[in-house]
């Protein structure tokens, strides 16, 4: 394993560090590939291109990577004419062959003599002959879709071999979604990554963003919930940009900002566009600090009715579980006297008792599309049943998506309607409890001797809980959007876009009369508990825009868009619960049947809050000579969330691009097919804070006794007001390079960025006195990040039957807390990432001003005393006992130090795609490197001070500890890992049937192997995003003690169209 | 009391050890929390005082007298917060208007003392007398209790003794001139009425936090700090704790066996279940998992036979436990029905017994440290409740036996868990010089807590206390 790991990492590192060597090396390797995988001519449509060479021929010589003249073949083609003699004075007939990028003869290539009349075209096999008057004549070869080449005719002594390379322009003309419109790829001047269906992950997404994991350099998608179907993903682009504001990119689905991901099914998504830098994202103003992900769904196309089905079945198996003592080992340890525990006689595998071994998930999507040039449609229906690896952990959903496009009024009017809805049902009861089960005494039955459930007030009987409680969600999410666009005169269009999105759910939970809660609760013993809650979230958008596109002169083209945006968002909810149900008949369906309504311990709550966002925005794109591009954006936006004095702000951006390869001086640099430099600057904001954060809000303070003996509610202010509260502002500069090299075999982009977020929104201590409350929500401090992102795509082999593509996404970011103070408010450090567990170990991360985000701050382990007590180093490097450690807040006194960093320095993923005839194989590797994780499982359960079941390592690796839990670098481990994340093997059938257009079946394995030195749980599940605030999805750098198990899944899928 | 590390529990970043060893730091979170909490209280008084003062009584629908009474009550309550802040931090800023000044300066402890004294004296007569309707609220009785505290500690706090003022203020309460919670203010006849779930019926309550779970869902906060993980089975309720604060070794034995307080207020030995009298088996994966829970009067790892006793070496059952305030029982047993007032227990801030002790001490100090007959009578009036009639003669104090040192020990027995020990030790000059269990003498500057570094960072007009 280690060897493989070394080799793979070595390969990856090579990729990263040494581009010139890399290219040369790869070219050498491909030479042999080309040799062995020559084309099979018999299956080729011979009217277009015919291979000219056989394996033994000299044509196998590859393109000279340095762009010089191609080596001349040593032997002439057997069936070609020999070197032509001169048939007139000065006149020579030059012969040769034109080859395409696959070394196949190109027919129909036009040949001109520069500055002279006369010409020729190549024949079927790419051969040509042309008569020139002087060896200095320059022959110009041109062919649509290929870059022209000019070659001196020479004296005709040997046939010429002309290699034409495809012009990159085809790809460059592809449309990129940029927000409020599209641009051609060549016009893009900001850092935008596009991922389309062909690149999506194929292991069956639980969340649509799963499709993107590892596909975009700089975009981190972390699944701390593993394969739990009810868990979300953590997303972060280019590092942390905020302390308390929104950390996740803005999701825009078909133009609806803040689009609900539940509405997206993987088979309905056409592409993702990730606006990475401020110069592109500024068009989304206040919500763009963390980046923007634009999702485009599939649309109807003109043509006969098409039906497409895709579906899969998936099953999950355990990949890895924490190494706790099995019941046999537990007994053995008791017997041998190593472990002073009770043997209660039962033999359980408590972990396994939570596992849903029968799990089988499935997804089915059927879409219909078609229409005429004037009207087209696409509709899809989706059914998905995700069964978790845990019991009572499931999500079932049905959805529909509809798209309708019409043109009218001489094609000047274009309308589009999208409708989407999703109904889902979630079983939220299970999925947790792993830590309880792993640590419980495996000899203790779940039952008492009399057959009743065994309950312990200090631990939940997880098995009983699954039987005696329910917790379900029923949800419906819908969106409707419509757009009408009218071309008032050529190039000038006016359009209106409107969207409504609505998300609602009803939760219900019940705990049986006989359950543990019933016995242990404080309010009413031996009675059932029931609760219900509902939430309704709605948002409304209206966006009228005007668009103008024109060209003037030969060299200038201009497009401009201006618009207004109004968005209103309102959330409301209601919850109620009761206790003391005397039987389980009604569950949560008749809350009145409990007995605490009259007794006063039933509960009831409701809420409503809203916000409005209004913006004016514009974007101008100017192109000069098809090689200089300029883009300017301005958005002026106001949000109700901010203070009265700072509701509005401007977000400008400007960026430029230069296609270097369009310049004259690049004409002869043959190995560069396309090269573009981009430079952009943009300002964006963050308004992802709670509604009303700038206002004094009234809260309740609990009931209080009045003189008449009655208890009544009290009210008071529960926040300090801040009329100056404003946006967090991010300024970002991005330098990018897009390139296509070596006959378009290698393409990619490199981006360098530097960003600073100022006026960080956070709750700061307010001086007390004179203020009433200890904190105020305000803008102080700044966070910065700089980084490099590299995306490469390399066609290692591009034969007719065999293709091998390598795609690489890599990024590195340095993220710092520059300051956390201003003249009024001061903090020296940010303390975060609570360790949790017993013994209240406090926070694991402390970032002093100027320090790196994710810095672990703690004691440095120095060994153990003879009797197993901890020793740590003081600041002078002397080992001392724990109680002598100086943990002062002052850095010149403290013994604590930075002991690691929780944020991977390098993210890398590599997709290897192989195609052989109808077979396809894709191997996806993903890794995070150079960072640390706090192994809390070892900290808590690798120490015999705990009387629970323990890790095996408590008796070997950690056997000498005879002291309480301590946080120090002893448990900070290298988290680097490389994962064989996904392997897909597919077969595309060739069917003669007229009815079936295409059919592909595939099998995908996910999470097949992880190579790491980390000894805790799956390092991939440890949160690597955010600052470390505790959240539902974990804490930065702190491994969970009982995370959702790491599973490998196997998926069998099929897609066919008819 | 202390919160030692017990096995895997209670290390808590070493904060309990620093508290116990008096090695706390200037940025100790708990110290800042205390500051922040009390000044929050000050702010919550300042807001309505400002509000009420600028409004006309008639507008509010109350009489001028009622308005004055509300204001007086609020000012007394504000003075209470300043009293506690001055006790902990000594030199502090005094602010009576929200937001002004923006960065208030430190006043000396004597200036703060004078402010508090004046506020109380100016307002006490306008405030309502104590009555059942004033449960949980500040009253004239509370005001006099504050004066007693202020004067009893005046010498320690300002250098000027105020024993006569202390006696005069105490007499207002002892002679029932400031009202009573349940009829005339008087000592309760036993050692349980003050601490039972319906202790709002106690006759000696002066000022309390009026918890009321049954009607107001407002429950006492102490279980989390004092209770064992399985405590609910001991008293037949539902609330457990973090197995935190315990009595440090050798205090349990300071109570004689005949002293009813020993077994009524403390838990020691093998524990049994309330509901069926069976042994209480510990659960939860700690040292004594699966065995009968037994609290011991030592803090060491008995399980491994260790004799090392310090703050780091506790285990699950270390230390005698708190059982002074009772929550009542939720479940029935053979002799007792479930309590209808379960979990309603109020927390006394001042009770009359404490006033008796304060007056007795003032009399003794005025008398050169020797007891007077009146002082002995005051203490005996309290102590007699803790003994059976037959045991009393052997345990009552005389002028000879009630020395100041003995008074300090008796205060420890009577007021254990009630939050006065730090002041007592400072007043008796033992806080910085004394040793107890594994605690060694520290520096005199530790008699004040540091002004939290977190606050100094925000307000440069604050001055750090000496020695920090």
remark   = Those residues of segment A:869-881 which are under 42 Å from the mean Cα position of the chain (by Cα) and either within 27 Å of residue B:454 (Cβ to Cβ) or part of a loop (DSSP other than H, G, I, E, B) (or both) amount to A:872, A:874, A:875
request  = Can you give me the number of residues within segment A:702-729 that are assigned to a strand (DSSP E or B) and more than 9 Å from chain B (Cβ to nearest Cβ)?
outcome  = 6
remark   = Scanning segment A:846-863 for residues that are within 14 Å of another protein chain (Cβ to nearest Cβ) and outside any loop (DSSP other than H, G, I, E, B), the one farthest from residue A:1033 (Cα to Cα) turns out to be A:859
note = By residue number, the members of segment B:192-218 that are more than 16 Å from the chain's Cα centre (by Cα) and within 12 Å of chain A (Cβ to nearest Cβ) are B:200, B:212, B:213, B:214, B:215, B:216, B:217, B:218
query = Of the residues in segment B:54-69, how many are in contact with a helix residue (DSSP H, G or I) (Cβ under 8 Å, 6 or more places away or on another chain) and within 14 Å of chain A (Cβ to nearest Cβ)?
reply = 2
request  = Looking at (1) surrounded by fewer than 20 Cβ atoms within 10 Å (Cβ to Cβ); (2) more than 23 Å from the chain's Cα centre (by Cα); (3) within 14 Å of another protein chain (Cβ to nearest Cβ), find the lone condition where residue B:106 falls short.
outcome  = (1)
Which listed residue, of B:172, B:203, B:121, B:132, is closer than 30 Å to residue B:449 by Cα and not assigned by TED's automatic domain parsing to the domain that holds residue B:264 = B:121
ask   = Can you name every residue in segment A:893-932 that is exposed (fewer than 15 other Cβ atoms within 10 Å of the Cβ) and within 14 Å of chain B (Cβ to nearest Cβ)?
value = A:893
ask   = Say we look at segment A:679-701 and pick out the residues that are within 14 Å of chain B (Cβ to nearest Cβ) and assigned to a strand (DSSP E or B); which of these is nearest to residue B:132 (Cα to Cα)?
value = A:701
task = Looking for whichever is buried (at least 19 other Cβ atoms within 10 Å of the Cβ), part of a loop (DSSP other than H, G, I, E, B) and either free of Cβ contacts under 8 Å to residues at least 40 places away in the same chain or away from chain B (no Cβ under 14 Å) (or both) here; the options are A:676, A:670. Which one fits?
result = A:670
message = touching a strand residue (DSSP E or B) at 6+ places or on another chain (Cβ under 7 Å), surrounded by fewer than 17 Cβ atoms within 10 Å (Cβ to Cβ) and at pLDDT below 90: is that true of residue A:1003 in this structure?
response = no
note = Considering residues that are more than 14 Å from chain B (Cβ to nearest Cβ) and in contact with a helix residue (DSSP H, G or I) (Cβ under 7 Å, 6 or more places away or on another chain), the number found within segment A:795-830 is 4
query = Before we move on, is residue B:131 touching a residue at least 24 places away in the same chain (Cβ under 8 Å) and out of contact with any helix residue (DSSP H, G or I) (no Cβ under 8 Å at 6 or more places or on another chain)?
reply = yes
task = Taking the options B:244, B:221, B:237, name whichever one is more than 12 Å from chain A (Cβ to nearest Cβ) and assigned to a loop (DSSP other than H, G, I, E, B).
result = B:221
message = Residues to consider are A:719, A:694, A:744; find the one that is in the same structural domain as residue A:634 (by TED's automatic domain parsing), out of contact with any helix residue (DSSP H, G or I) (no Cβ under 7 Å at 6 or more places or on another chain) and either over 30 Å from residue A:245 (Cβ atoms) or surrounded by fewer than 16 Cβ atoms within 10 Å (Cβ to Cβ) (or both).
response = A:744
request  = Go through (1) within 12 Å of chain A (Cβ to nearest Cβ); (2) buried (at least 18 other Cβ atoms within 10 Å of the Cβ); (3) over 21 Å from residue A:440 (Cβ atoms) and name the single condition residue B:295 misses.
outcome  = (1)
message = Among (1) facing chain A (nearest Cβ under 10 Å); (2) free of Cβ contacts under 8 Å to residues at least 12 places away in the same chain; (3) under 30 Å from residue A:770 (Cβ atoms), there is one condition residue B:51 misses while meeting the rest; what is its number?
response = (1)
inquiry  = I'd like to verify a number: residues in segment B:436-468 that are within 14 Å of chain A (Cβ to nearest Cβ), within 24 Å of the chain's Cα centre (by Cα) and not in a loop (DSSP other than H, G, I, E, B), how many?
reply    = 1
request  = Answer yes if at least one residue in segment A:764-773 is in contact with a helix residue (DSSP H, G or I) (Cβ under 8 Å, 6 or more places away or on another chain), touching a residue at least 60 places away in the same chain (Cβ under 8 Å), within 13 Å of chain B (Cβ to nearest Cβ) and surrounded by fewer than 23 Cβ atoms within 10 Å (Cβ to Cβ), and no otherwise.
outcome  = yes
ask   = Given B:181, B:185, which one is within 14 Å of chain A (Cβ to nearest Cβ), in a loop (DSSP other than H, G, I, E, B), within 23 Å of residue B:75 (Cβ to Cβ) and in contact (Cβ under 8 Å) with a residue 12 or more places away in the chain?
value = B:181
key: Residue within segment A:730-743 that is away from chain B (no Cβ under 14 Å), over 30 Å from residue A:789 (Cβ atoms) and either part of a strand (DSSP E or B) or within 37 Å of the chain's Cα centre (by Cα) (or both) present   = no
ask   = Within segment A:601-617, is there a residue that is over 30 Å from residue A:529 (Cβ atoms) and part of a loop (DSSP other than H, G, I, E, B)?
value = no
key: Residue list for segment A:549-559, restricted to those being assigned to a strand (DSSP E or B) and surrounded by fewer than 17 Cβ atoms within 10 Å (Cβ to Cβ)   = A:549, A:550, A:551, A:552, A:556, A:558
task = Can you run down the residue pairs with Cβ atoms below 7 Å, 6 or more apart or on separate chains, where the first is in segment B:11-28 and at the interface with chain A (Cβ under 10 Å from one of its Cβ atoms) and the partner is surrounded by fewer than 18 Cβ atoms within 10 Å (Cβ to Cβ) and assigned to a loop (DSSP other than H, G, I, E, B)?
result = B:12/A:840; B:13/A:840; B:25/A:888; B:26/B:468
ask   = When you look at residue A:788, is it at pLDDT 90 or above, under 29 Å from residue A:681 (Cα atoms) and part of a strand (DSSP E or B), yes or no?
value = yes
key: Count of residues meeting criterion [assigned to a loop (DSSP other than H, G, I, E, B) and crowded, with 20+ Cβ neighbours inside 10 Å] in segment A:138-159   = 5
query = Of the residues in segment B:311-345, how many are assigned to a loop (DSSP other than H, G, I, E, B) and either at the interface with another protein chain (Cβ under 10 Å from one of its Cβ atoms) or buried (at least 24 other Cβ atoms within 10 Å of the Cβ) (or both)?
reply = 15
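The values are calculated or read from the model by the stated rules, or taken from the named source; none is laboratory data. In this text the structure is predicted, and so the values were computed from the model without any measurement. No Cβ is skipped: glycine too gets one built from the backbone with ideal geometry, and neighbour counts run over all protein chains shown.
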